[in-house]
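Asker: Mind having a look at this structure? Questions to follow.
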Amino acid sequence: MSRKIVAGNWKMNTTPTEGSALLRAIGEGLKGYKGPAEVAVCAPFTHLGLLSARNVAGIALGAQDCSRHARGAYTGEVSAEMIKACGGRYVIIGHSERRMYHKEDSAQLLGKIEQALAHELSVIFCVGEPENVRASGEEPAWHYVEGQLAPLQALSDRLSAHLIVAYEPIWAIGTGRTASAEDAGSMCSRVAKWLTRHMNPPADGIPVLYGGSCNAANAKELFAQPGISGGLIGGASLKADDFLAIINAF
Ligand code: PGA
């Protein structure tokens, strides 16, 4: 059995003040929470110091990217060490928006993962197929995702203890078109099986999250799928009530 995780991805939303209020509202709603989910909020870099000073119980903080370099002359970059020092415990790596808008490739992503894991951040590594690939069926979609997973084989066992994978079909992100629970469950199970088989040495129990228009109405059905260990939540993580309902869907 893998851990249950619900992680919010705030993307480029909220000012630090707004983010702080949102975090407080989520924290209020989680008071007395006895459910199985670990809760994380991946906020903009600019918010991390402030949010971690708020010290809200039951919510781990994370970032949405990190540099593949340790430190140095990389203008605009933010290192894993900085994220950790600002209170971050998680980092999203390889989100489709970073792959698309910043042309992040497998070699770069592996460097980022190695940096994050070296600083003991939990990595939420994102994979997922575009719409034209899914249109040809699950097998082509799976081959696409398998190709995105391949670089993970270079990680050692010590590192895989901090690894989480999020399956996010690109056509479902921010579109309101969630994958069916069966399709999402099937892909997440295949990811989990692949991880068990291909990590070196084999790694069991790596959580696989579903992401892509997961919301208060569909979370229960998605999380009931045996292959799904939780969710990476974009739009619905920006409203405390919706995010709380998703956490309570377990
Ligand atoms: P969404 O985003 O929930 O708004 O579809 C998910 C994500 O991009 O991680």
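Asker: Look through GLU146, GLU114, GLU168, GLU138 and report the one residue that is surrounded by fewer than 21 Cβ atoms within 10 Å (Cβ to Cβ) and under 28 Å from GLU77 (Cβ atoms).
Answerer: So the residue among GLU146, GLU114, GLU168, GLU138 that is surrounded by fewer than 21 Cβ atoms within 10 Å (Cβ to Cβ) and under 28 Å from GLU77 (Cβ atoms) is GLU114.
Asker: State which residue is surrounded by the fewest Cβ atoms within 10 Å (Cβ to Cβ) when the search covers only segment 193-230 and only residues that are in contact (Cβ under 8 Å) with a residue 24 or more places away in the chain and charged (D, E, K, R).
Answerer: My answer is LYS220.
Asker: Only one of ALA85, ALA40, ALA70 is crowded, with 19+ Cβ neighbours inside 10 Å and under 21 Å from GLU114 (Cβ atoms). Can you tell me which?
Answerer: ALA40
Asker: When both residues are 6+ apart or on different chains and their Cβ atoms are under 7 Å apart, which pairs have a first residue that lies in segment 136-156 and is within 20 Å of LEU109 (Cα to Cα), and a second that is among the acidic types (Asp, Glu)?
Answerer: Listed by first residue and then by second, the contacts come to TYR144/GLU129; VAL145/GLU129.
Asker: Given the criterion outside any loop (DSSP other than H, G, I, E, B), within 15 Å of the ligand (Cβ to nearest atom) and among the small types (Gly, Ala, Ser), identify the matching residue among GLY174, GLY231, GLY185.
Answerer: That would be GLY231, the only listed residue that is outside any loop (DSSP other than H, G, I, E, B), within 15 Å of the ligand (Cβ to nearest atom) and among the small types (Gly, Ala, Ser).
Asker: Pairs please, first residue from segment 231-242 and touching a residue at least 24 places away in the same chain (Cβ under 8 Å) and charged (D, E, K, R), second anywhere and within 10 Å of the ligand (Cβ to nearest atom) and assigned to a loop (DSSP other than H, G, I, E, B), Cβ atoms under 6 Å, 6+ apart in sequence or on different chains.
Answerer: Nothing qualifies.
Asker: Collect the residues in segment 12-37 that are free of Cβ contacts under 8 Å to residues at least 40 places away in the same chain, surrounded by 22 or more Cβ atoms within 10 Å (Cβ to Cβ) and hydrophobic (A, V, I, L, M, F, W, C), keeping them in residue-number order.
Answerer: LEU23
Asker: Does ARG190 count as surrounded by fewer than 21 Cβ atoms within 10 Å (Cβ to Cβ), more than 16 Å from the ligand (Cβ to nearest atom), assigned to a helix (DSSP H, G or I) and not small (Gly, Ala, Ser)?
Answerer: yes
Asker: Would you mind stating whether SER136 is within 15 Å of the ligand (Cβ to nearest atom) and among the hydroxyl-bearing types (Ser, Thr, Tyr)?
Answerer: Criteria not met by SER136.
Asker: Out of segment 206-228, which residues are within 12 Å of the ligand (Cβ to nearest atom) and touching a strand residue (DSSP E or B) at 6+ places or on another chain (Cβ under 9 Å)?
Answerer: Hits for segment 206-228 are LEU209, TYR210, GLY211, GLY212, CYS214, ASN215, ALA219, LEU222.
Taken together, the values in this text are just the output of simple stated rules run on the coordinates, not laboratory data. This structure is a prediction, so every number in the text was calculated from the model and none was measured. Glycine also receives a Cβ, built like all others from the backbone with ideal geometry; neighbour counts cover every protein chain displayed.
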